[in-house]
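Engineer: Handing you this structure, nothing more for now.
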Amino acid sequence: MERGPIPFAGTRMTRLLTRSYAATALAYTASYVLLDWISYVHPLSVSGITPWNPQTGLSFALILLFGIRFIPWLFVAPLAADGIVRGWVLPFGVETLIVLAIGLGYGAATALLLIRGRFDPRLSSRRSLLALLGTALVSTAIVSVAHAAVLVAFGILPTADLLQASMLSFIGDMIGVVVVTPFVLFAFTRRVLPVASWELALVHLVVIASLAIVFGFSDANRFQLFYILFIPVIWTAVRFGLEGVSIALVVTQIGLIAAIQLSNQSMIDVTVFQTLMVVLARTGLAIGMVVSEQQQTNHRLRLQQEALSRVARVGTMGEFAAVLAHELNQPLTAIANFSRLAKRAISQQPPDAAAAAAAADSAIEQVDRAASVVKQLRDFIRLGRSEPSRISVARLVHEALSSCRPELDRLGVAISANIDRTLPDITVDALQIEQVINNLVRNAAEALSQSGRHDGLITIDAEHDRAGKIWIRVRDNGPGFDPDIGQQPITPFTTTKQNGLGLGLSLSRSIVEAHGGKLQIDSGIRGATVSFCVAATRGAQAA
Ligand code: ADP
């Protein structure tokens, strides 16, 4: 059986390509030719060797994503590119040997990665990234030397050029893999690429400005000034991890080549720039990896904390049920006995009214006892551990959201909290009110994810009403409440989810009411809104 890459959750495009072998092969070959054409700058005489080969990175990505059954295409694509881009200027034998060196070299390298290295195409472990970079280093070195050796052996290049040709091809292929492969792997396997943000746009502006500085100065300073490019690349790596840095590297590489072309650099200079680019890319990827690993660790920690608190909650409910059953069993048995006594007293001839009344009194006593047991337990759950303290609404919402972020990321739902910092503080049991916000946000996220929307958005805002209450509102652009639920008062155990308990909304309402507030739901074609209010702290001034 073929050992393919580890399965991953892909995009629609990925699914299409995975389904059709021919579509994938064709898309790869066309992209390979296009990249070869774009990157055909500063070739070494007729050899066709250039210091920039992004297409090699594409070949690595093809096999790592779609499996070794695509290896034959690693021979076809270079042959097609040579014909289309360079018109097969090399003799047939030379052409064949070069294509064999490329196909065999990179085919073997990627197959080895997949079969021996249990490579993860999401690059989610340091091991996979290091394996990719190590394999790229060795295989590009071997293929480059083989490539140059064939050209020298057939007299296309003078023997003196062997080292230079090998170096050039090595740097070109290496940079191709280091810059293009991670980018393509992420584009296909990670659903969440860093969303467009001002910060990301700013980083890319800094890249362009840095290139302008590097190439705007006299030739003498260019190589020293190249180090300015480390600033935006490291900045993206630190802020956006591996995914972010893979985008920044592609932008930097394209910008660098464009600048080289515009400023007419010599071939030697191009090679030096590309060598510096290899260093930059490897540094950026290494930092991005460390940052991504840290983010993953935090994410895992948070999921574990959540799982723990879920277990604790379920445990508490189980305990609660056991206590309730035990405490109620006694009064219920007594009520049944007294009711039977009363019935017997009434049905005997003549009826014994005094005995019936006494039994009914005792039954009522037991009913009151049962009611007080329920109340006691309810108070224990609701307010028993309540610790009201003064807190700002913005901080409360922020803390509530930080615990549900991993879940939102997992479901691919965006959230925007817009809380006016000048709102008066509230005095509440912060943990309980955070739990309410958590429940509402989770419900909204689940509704959005079930509806299959790609632009799911949850909005949280807060306002101060004239009666001195603070209203916190959680809105989503999902399908809204099921009519059966939306038009009824909130009742426990009402759920539309297969594994739902139907307790979230009613528990939230109980918590809010225990704080003297109320909770209401609204539903429309634009989605659902759940809002609740609590009193503003007396004396807390709205600025
Ligand atoms: P559960 O989540 O376990 O089902 P809840 O009491 O929290 O229990 O929610 C009850 C029901 O209310 C859900 O099953 C769902 O049908 C509905 N619901 C809650 N929030 C939303 C929302 N934002 N959009 C649509 N339906 C919702």
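What follows is calculated from the coordinates using simple rules that are stated; it is not laboratory data. Since we're looking at a predicted model, the values are computed, not measured. A quick note on method: Cβ atoms are made from the backbone with ideal geometry, for glycine too, and the neighbour counts reach across all protein chains shown.
Engineer: To the nearest 20 Debye, how big is the dipole of the chain about its Cα centre, given +1 on the beta carbon of each Lys and Arg and -1 on that of each Asp and Glu?
Structural biologist: 780 debye
Engineer: Determine, for each peptide in 387-393, 299-305, the mean count of other beta carbons within 10 angstrom over its residues, then list the peptides with the highest first.
Structural biologist: My ranking of the peptides, most packed first, is 387-393, 299-305.
Engineer: Can I ask one more? If N is the number of residues in the chain, what value comes out of its Cα radius of gyration divided by 2.2 N^0.38 Å?
Structural biologist: Rg over 2.2 N^0.38 Å, computed on Cα atoms: 1.42.
Engineer: Something else now. Please name whichever of Leu440, Phe481, Ile511 sits farthest to the positive end of the charge dipole of the chain, dipole taken about the Cα centre and charges placed at Cβ: Lys and Arg +1, Asp and Glu -1.
Structural biologist: Ile511
Engineer: Take every DSSP beta bridge whose two residues both sit in the chain, then give the antiparallel share in percent to the nearest 5.
Structural biologist: Counting DSSP beta bridges with both partners in the chain, the antiparallel share is about 85 percent.
Engineer: Describe numerically, in nm with one decimal, the distance between label points set 7 Å from Cα along Cα→Cβ at Asn221 and at Arg442.
Structural biologist: 5.8 nm
Engineer: Which of the chymotrypsin sites (Phe, Trp or Tyr not before Pro) found in segment 149-189 are loop residues per DSSP with 16 or fewer other Cβ atoms within 10 Å of their Cβ?
Structural biologist: Phe154
Engineer: Could you tell me which helices of the chain pass both thresholds, a Cα extent of 30 Å or more along their own axis and a mean Kyte-Doolittle hydropathy of at least -1.0, with helices taken as whole DSSP H runs?
Structural biologist: 92-117, 126-153, 162-189, 230-262, 267-347, 353-379, 430-451
Engineer: Something else about it: What percentages make up the Cα-Cα pair-distance distribution of segment 10-181 when the bins are 10 Å wide from 0?
Structural biologist: Final binned percentages: 10, 40, 35, 12, 2, 0.
Engineer: Using the charge dipole of segment 100-191 (Lys, Arg: +1 at Cβ; Asp, Glu: -1 at Cβ; taken about the Cα centre), state which of Phe186, Leu157, Ala111 has its Cα farthest towards the positive end.
Structural biologist: Phe186
Engineer: Mean residue ellipticity at 222 nm from the helices of the chain, using -39,500 (n - 2.57) per DSSP H segment of n ≥ 4 over the full residue count, to the nearest 500 deg cm²/dmol?
Structural biologist: Theoretical 222 nm ellipticity from helices: -23000 deg cm²/dmol.
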